[in-house]
1. Going by average Cβ neighbours within 10 Å, how do the peptides 331-342, 55-66, 389-400 rank, with the highest at the top?
2. Once phi is turned into θ = phi - 60°, what whole-Hz ³J(HN,Hα) does the Karplus curve with 6.51, -1.76 and 1.60 give for every residue of segment 351-360, x standing for Gly and Pro?
3. Would you compute, from DSSP H runs of 4+ residues alone, the mean residue ellipticity of the chain at 222 nm, taking -39500 (n - 2.57) per run and dividing by the full residue count, rounded to the nearest 500?
4. Tell me, what is the per residue accessible area of segment 67-174 in Å², probe radius 1.4 Å?
5. If R0 is 51 Å, what FRET efficiency do you get for ASN158 and GLN398 from their C-beta distance, rounded to 0.05?
6. Spin-label point model (7 Å from Cα, Cβ direction): what's the SER185 to ALA114 distance in nm?
7. If you average the alpha carbon positions of segment 145-182 and of segment 265-305, how far apart do those two centres end up, in angstrom?
8. Just read off the accessible area of TRP131 with the full protein assembly in place, 1.4 Å probe, to the nearest 10 Å².
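The values are calculated or read from the model by the stated rules, or taken from the named source; none is laboratory data. What you see is a predicted model, and the numbers here were worked out from it, not measured in a lab. Here the Cβ positions follow ideal geometry from the backbone for every residue, glycine too, while neighbour counts run over all protein chains shown. Just so you know, the surface numbers come from the protein's heavy atoms only, side chains and all, with ligands and any DNA or RNA stripped out. Shrake-Rupley method; radii C 1.70, N 1.55, O 1.52, S 1.80 Å.
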Amino acid sequence: MLLIRHAEVDGEDGVDVRCSNGEVTQIAARLTGNPGETVIDAEGGALLPGLHDHHIHLFSLAAARQSVLCGPPAVTDMGTLGKILGQQGGDGWIRGIGYHESVGGMLQRSQLDAIVPTRPLRIQHRSGKMWFVNSTAAGILKLDQHRDLEGVECDENNLPTGRLFRMDGWLHEQLGQEPLPDIGSASKLLAAFGVTGITESTPTNSAATQALYSQLIEDRQLLQRVRLMGDETLTVSEQPLLECGQVKILLDDYALPEFERLQQRISSAHQQGRSVAIHCVTEAELVFALSACKGAGHMQGDRIEHAAMTTDDCMQLVQSSGMTVVTQPILIAERGDQYLLDIDASHHDCLYRCRAFLEAGVPLGAGSDAPFGNADPWLSMTAAVNRLTAAGRLVGAQERLTPEQALRLFTSSADDPGGPGRSVSVAAAADFCLLDRSWQDARSRLRREDVLATIRAGEVIYHR
Ligand SMILES: [Zn+2]
């Protein structure tokens, strides 16, 4: 049992909240403590519903924390990249992340061999779409024997260039012996942000991943509730903190699937009682996905992930589709300056829109897309409110949200982002983010440092 005293709940001061068996059981101005009950004095701090990151890649986040950042802002040229990689201690694989072609174009293995000649090296493009490997890595992966695989790029002499497209699942299989990244510390980090739940959005998540997540939760390494998206093999889990999510479908506008096949895949998912979540970054991907969804018929829970580029015409399509959008305001802060360079000025106002979706009545939730965006949801909220890039430039001023709207992006339920927000009320799950100050004080800062404690299912998973 847990008693939180003197909290601010929905703007009301001095509220006591009691939880047992994972739920809120009593809310009153003053509750008498029970023997053996854990008591937290909120001292007037705001008690918010626990934050839910609606789109994250937890294993990649954990791996990224053990990887080398190979792109902007830390690395902007090949000289710096070589220096940083050359300084890596230890032996065995070097795993780089966050590469962008502004550093030195699309990488080839010969370029990487010049930097790291003897250790196996793999570097992920920051889009998550491709990996670049050096020759030592190519040897370990036996790329020569896998030249026929779709995704292994070869040059005019039919030699692998070291570029691997959308091959995460295969890479994972090839590197099967690698130790698991440290999920426990990644989960603790999220808990310190006030995150009590995540939607794991990796398309290659399978029944095997589901079993692993179940184990990680049972071993208490993983502290958050998990909604697991993935392929068609996922099933209902017996672990109460693990729920089966959407069938996740990736689209790449340079290699779109056959329209009928996509439509068929959506229909089959629906027949199995699974809604779908479709990755759409470009306008072409969005239009394609919405058309396929229209043909397959709508199911409650169907989602568009990212909707990074939504023109006014597309906005109408999204609105009439009935689909939910899960967006990433954090990428305005972290990648906005590059977007302003790469994308035609006429489209700058169409990037990661927020207010326009709300005004169109489209249910809108947000996720960090970590490790591609910073996992701190307070940074996402700040970006949704101020729409400022790292260099301080404004992107889509009319898309700004209020702090309350920004918070709502992370407090709707896992199965209904943008739906009715979760609340601190009797019989609700005891998932909270407790701040050390009133919401009135916190709303102008939106900082992770203000999180005093995080409670999931009535259990304290973080306390400062
Ligand atoms: Zn993602």
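1. So the order, starting with the most tightly packed, is 55-66, 331-342, 389-400.
2. Karplus-based 3J(HN,Hα) across segment 351-360 equals 7, 5, 5, 10, 4, 4, 5, 4, 5, 7 Hz.
3. The per-residue figure over the chain is -8000 deg cm²/dmol.
4. Values: 5060 Å² over 108 residues.
Per residue, segment 67-174 has 47 Å² of solvent-accessible surface.
5. Efficiency at R0 = 51 Å is approximately 0.50.
6. Placing both labels 7 Å along Cα→Cβ, they lie 3.4 nm apart.
7. What the calculation gives is 28 Å, centre to centre.
8. Probe radius 1.4 Å; accessible area of TRP131 about 10 Å².
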